[in-house]
Each structure stands twice: as structure tokens, then as C-alpha cells.
1. With the convex hull built on the Cα atoms of the chain, state its orientation-averaged projected area in nm².
2. For the pair Lys148 and Arg76, what calculated FRET efficiency results from E = 1/(1 + (r/R0)^6), where r is the Cβ-Cβ distance and R0 = 30 Å, to the nearest 0.05?
3. When you count, for each residue, the other Cβ atoms within 10 Å and take the mean per peptide, how do 108-115, 10-17, 46-53 rank with the highest first?
4. Under 22 Å Cα to Cα from Lys102, which lysines show up? Leave out anything in the same chain fewer than 8 places away.
5. Put +1 on the Cβ of every Lys and Arg and -1 on every Asp and Glu Cβ in the range 5-154; which of Leu55, Ile93, Ile16 then has its Cα farthest towards the positive end of the dipole?
6. Return a whole-number percent for the relative contact order of the range 5-154, with Cα pairs under 8 Å and 6 or more residues apart as the contact set.
7. Taking GluC sites (Glu not before Pro) that fall in a DSSP loop and have at most 13 other Cβ atoms within 10 Å as cut points, what is the longest piece of the chain between them?
8. So which lysines can Lys124 reach, going by Cα to Cα under 28 Å and dropping same-chain residues fewer than 8 places off?
Amino acid sequence: MEIHQQELEILLSVVIATVLCGIVGYERESRDKPAGLRTNMIVGGFSCLIVSLSLPLVDFIHNYELHEAVKADPIRILQALVVGISFIGAGTIIKQNNDKVKGLTTAATLLYCLGIGIATALHKYIIAVGITFIILIINYSFTRVKEKITDDLGEGKVPD
């Protein structure tokens, strides 16, 4: 059995995406959100895998002269991923009895992990690491800002 360099590169990219999304998932897990560590890791790793396999798939179609029967469009793969992950994210959204909606940030975070996976698959590692930090900053920092505003409004204070 011959090991191909491309397969090892894809596997490494999947591992990187999984780890980066694991960091994001840890933040969700630590806040006891419905989609935590494992879900975010799977979303990131899976999206990286599918995008990474799209290039060999296009090559396969062309090499076996299937391009007349199959039109390869990598953008459609991205569209399908967005729809699929959005469906998973929708499952995290809950409307409570007091008409308050919970889970929107978790659903949006799953889409962000999709982006991390796609960036990693395209070997845009700086972007993947950068957007990992961005989502962590959003989820950590702005939660505190929201709590501060909510507390101030609850005490009758107007936020600055």
C-alpha cells in the first residue's frame, strides 16, 4: 500500500482544523452550551475534509473523462456545507416559555467553525488561526459586555 503525500497533507489539515475548532468548542462547553467541544471539533474537521477532498474529486472526474456527465463546481460543495451546518445549528436554537431565544450564538459559532475548516482545507492557516481567536474574543469578551449592560439596565442605569 502506497502512502500518498496529498493524503497526509489532507489528514494534517483535518487535524489542524479539528484542534482549532476544539479550542472554540471548549469555550462553548465551559459555558454549558448545547453544541460544545465534540460538535465544534467535528464541524471543523468535517468541513476541512470535504473541501480538501473536492480537489482530488475534480481531478478524478477529469482523469476518468467524466466531465461531460458530471460538472465539477467546488462552490456547490461550500453551499452544501453551509446548508448542512446551518441545519445542525438550528437544532441548538430553543425558544423558552418567556419568549427568550437561546442558542443563536452557538449556532453562529458552528458556522464560524465551518469557516475555520474551510480556511484550513485551503491551506490558509493564518486566516484559520486568526478567525479562531476572533470567535473566542467575540464569545468571551462580548458576553461580559452584554452582562454588564444587562446588569446596568436592571439597576435602572443607562449604559454609557
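Where a number appears in this text, it was derived from the coordinates with a stated rule and is not lab data. Everything numeric in this text was worked out from a predicted model, so none of it was measured. Here Cβ is always computed from backbone atoms with ideal geometry, including for glycine, and neighbour counts include all displayed protein chains.
1. Working: hull surface 51.4 nm².
Directional mean of the projected Cα hull area for the chain stands at 12.8 nm².
2. Numbers: r = 44 Å, r/R0 = 1.45.
E(calc), rounded to 0.05, equals 0.10.
3. Working: 108-115: 24.0, 10-17: 19.2, 46-53: 22.5.
Highest-to-lowest ranking by the protection proxy: 108-115, 46-53, 10-17.
4. Lys33, Lys146, Lys148
5. Going by the charge dipole, the pick is Ile93.
6. On the way: 188 pairs, mean separation 44.0, N = 150.
In percent, rounded to a whole number, it is 29.
7. Details: sites that count: Glu2, Glu65, Glu68, Glu155.
Counting only loop sites that pass the neighbour cut-off, the longest clear stretch is 69-154.
8. Correct list for Lys124: Lys71.
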